[in-house]
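First the structure, in the form of C-alpha cells, and then the observations on it.
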Amino acid sequence: MAENPRAPLTLDDVSKAIVEQLQQDGRRSYAAIGKVVGLSEAAVRQRVQRLVDAGVMQIVAVTDPMELGFARQAMVGVRVSGPVPPVADQIAELPEVDYVVVTAGSFDILVELVAESDDHLLEIVSSGIRAVDGVTSTETFMYLGLRKQTYSWGVR
C-alpha cells in the first residue's frame with residue numbers, strides 16, 4: 001500500500017470548519033465559507049489549497065456508476081499468500097478498480113470495482129485480480145442496491 005509522503009498537517013478549528021462546509025456542499029463558494037468561518041475569500045482559498053496539497057481532502061464529483069453506463073458494481077474480497085502490500089498496489093492499478101484497502105479478517109484486501117457488464121466483471125476478476133501474483137482466492141459481492149453512501153462524517 002502506498003504511504004502518504006506528505007508531512008501531516010495539524011488542523012485548527014477554522015480548517016476543520018472549512019472541511020465541514022465542503023463536506024456539506026463541495027461547490028460552496030469560498031466567499032460563503034468565509035462568512036461562516038470568519039475569513040476572507042482569499043484566506044479560505046489558501047487554506048483549501050493547503051488542505052488539498054497536504055492530502056487532507058480532495059474535492060471531486062461523486063458519480064453514480066449505473067447512470068454512467070456501468071451495469072455492475074462489486075466488492076471483491078481477496079486472499080493473498082506472501083506480502084500483501086505489493087499485491088494491493090498491483091490490483092490498484094487496474095482501471096476498473098476504484099477502491100483498494102488492506103484489511104484484517106477473512107480477506108487480506110477488499111477491492112471495489114465497476115464493470116460495463118457481467119462479462120466485463122468476470123474478465124476483471126479472472127484476468128485482472130486473480131492473475132496478480134500472490135492472489136490465492138477471491139470472493140465477489142455484486143451490489144444489488146445502494147442504501148447509503150456518505151462522505152460527510154465530520155472532523156475531530
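Give me a count of the residues in the range 70-82 that are farther than 13 Å from I129 by Cβ, in a strand (DSSP E or B) and of a type in the set (G, A, S). Steps first, please.
The initial filter retains those residues of the range 70-82 that are farther than 13 Å from I129 by Cβ, namely 70-73, 81-82.
Narrowing the set further to residues that are in a strand (DSSP E or B) leaves 72-73.
If we keep only those that are of a type in the set (G, A, S) as well, we get none.
Residues meeting the conditions: 0.
From the list R50, R45, pick out the single residue that is surrounded by 11 or more Cβ atoms within 10 Å (Cβ to Cβ) and farther than 27 Å from Q149 by Cα. Write out each step before concluding.
Working: R50 fails: farther than 27 Å from Q149 by Cα.
Matching residue, one of R50, R45: R45.
Determine, yes or no, whether V102 is among the β-branched types (V, I, T) and more than 14 Å from the chain's Cα centre (by Cα). Taking the combined requirement at face value, the residue does not satisfy it. Listed here are the strands (runs of 3 or more DSSP E) enclosed by the range 83-156 that have at least 2 residues being farther than 25 Å from Q58 by Cβ: 135-142. Take the conditions (1) farther than 27 Å from G26 by Cα; (2) within 19 Å of the chain's Cα centre (by Cα); (3) of a type in the set (A, V, I, L, M); (4) at pLDDT below 95; L144 misses just one of them, which is (2). Number of residues in the range 7-56 that are in contact (Cβ under 8 Å) with a residue 40 or more places away in the chain, part of a helix (DSSP H, G or I) and β-branched (V, I, T) equals 1.
The values are calculated or read from the model by the stated rules, or taken from the named source; none is laboratory data. Keep in mind that what you see is a predicted model, and the values were worked out from it rather than measured. So basically every Cβ, Gly included, is an ideal-geometry build from the backbone, and we count neighbours across all protein chains shown.
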